[in-house]
Amino acid sequence: MTSSITENGTPSDTPDRDDVARRLLESSETLSYDPAQEVDWDTPLDTNYHGTSPEWSTLYGTAYWKEMTPEQQRELTRQEAASVASTGIWFEMILQQMVLRDFYAKDPTDPAFQWALTEIADECRHSIMFARGAAKLRAPAYRPPRGVVELGRVFKALAFGEAAYAAILVAEEVLDVMQRDWMRDERVVPFVRTVNNIHVVEESRHMKFARQETKERLEKAGWLRKQINAFVVAVASYFIVTSMVNKKVYEKAGLDVRRAVREAKANQHHKSLMRSSCSGLMEFLSSAGLLTKASTWIYKRANLI
Ligand SMILES: [Fe+2]
Ligand SMILES: [Fe+2]
């Protein structure tokens, strides 16, 4: 373990791994939520509200969106919110397994070890919260396509080091930029705003840890390892981002699925919203050396750059 206190006894400018983990543990003790208590699960769903900020709908800005009734638009964003939450559960299960594997049989007195278990406990509560939320939004089970589920199975069993932590970071950041908007939006159904608020607060600590771990593990990585892991992270990000909104949401909102999918795919408004929201994340990946030629090409295809 390295110390962050320099030889003359003054703290160094760059906090080390122990400091970061200790601070995260303290912060988690001060501000954590129990969704079972904090979220209003009892008030029946008020269908006068949206599920996401309408501007975040995959169809917002298309010709189809303008043809939809306000009721349909609200039903669509509620189903989209449920789909994003369900994809969140899928990824949180991958994440919990990767972090658990990473800390297997490591030093339990290490603050990072204790933080890792705290993060896993957070994710476990989040997934239950998302599951209850999706049910309350009257959504069916939204899962990524079969092939993506199987790729996730391989990834969660094998990914390690910076590949695991950078993929975690991408998933958490993408969810974060959306949820930050939705938690403040008065058009969004109040219980969904609480869910988003809880997630944003607790995830900001996770993202700090993921950034720290990504940077630290990359310090020891050579050129080839960086190239390979940058590619793996970009592929994982592509499947996470493209699995966020399940096609079934359009059917559930009473829309023509083929037309909705076609217009969503061509929706320039949504693409530019994603790109501008993810600019901070891309800056980080670039500074970490994870924006290689190949990975940049994939991020472009996922509309993250
Ligand atoms: Fe989470
Ligand atoms: Fe997280």
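The values are calculated or read from the model by the stated rules, or taken from the named source; none is laboratory data. Quick caveat, the model's predicted, so the values are computed rather than measured. Neighbour counts are summed over all protein chains in view; Cβ atoms, including those assigned to glycine, are modelled from backbone coordinates with ideal geometry. These accessible areas exclude ligands, DNA and RNA; they are computed on the full protein's heavy atoms, side chains included. Shrake-Rupley method; radii C 1.70, N 1.55, O 1.52, S 1.80 Å.
Which residues, counting only those in the range 70-111, are open to solvent by less than 60 Å² (accessible area, probe 1.4 Å) and over 27 Å from A157 (Cα atoms)?
Q72, Q73, R74, E75, L76, T77, R78, Q79, E80, A81 - these are the residues of the range 70-111 that are open to solvent by less than 60 Å² (accessible area, probe 1.4 Å) and over 27 Å from A157 (Cα atoms).
From the list T47, T62, exactly one residue is modelled with pLDDT of 95 or more, of a type outside the set (D, E, K, R) and crowded, with 19+ Cβ neighbours inside 10 Å. Which is it?
T62
So that you can scan it fast, the table gives a plain yes or no per residue for (1) open to solvent by 40 Å² or more (accessible area, probe 1.4 Å); (2) in contact with an Asp or Glu (Cβ under 9 Å, 6 or more places away or on another chain); (3) farther than 22 Å from S243 by Cβ; (4) without any contact (Cβ under 8 Å) to a residue 12 or more places away in the chain:
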{"position": "A139", "(1), (2), (3), (4)": "no, no, no, no"}
{"position": "A159", "(1), (2), (3), (4)": "no, no, no, no"}
{"position": "V177", "(1), (2), (3), (4)": "no, no, no, no"}
{"position": "R184", "(1), (2), (3), (4)": "yes, no, yes, yes"}
{"position": "P190", "(1), (2), (3), (4)": "yes, yes, yes, no"}
{"position": "R205", "(1), (2), (3), (4)": "no, yes, yes, no"}
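Please work out if P140 is at pLDDT 95 or above and farther than 28 Å from R193 by Cα.
no
Is at least one residue of the range 215-238 open to solvent by less than 40 Å² (accessible area, probe 1.4 Å), in contact (Cβ under 8 Å) with a residue 24 or more places away in the chain and within 16 Å of ligand 1 (Cβ to nearest atom)?
No.
For the range 9-128, list the helices (runs of 4 or more DSSP H) that sit wholly inside it and hold at least 3 residues that are within 15 Å of ligand 2 (Cβ to nearest atom) and touching a residue at least 24 places away in the same chain (Cβ under 8 Å); which are they?
Ranges flagged: 17-30, 70-102.
Which residues, taken from the range 141-155, are assigned to a helix (DSSP H, G or I), open to solvent by 50 Å² or more (accessible area, probe 1.4 Å) and either in contact with a strand residue (DSSP E or B) (Cβ under 7 Å, 6 or more places away or on another chain) or in contact (Cβ under 8 Å) with a residue 12 or more places away in the chain (or both)?
L151
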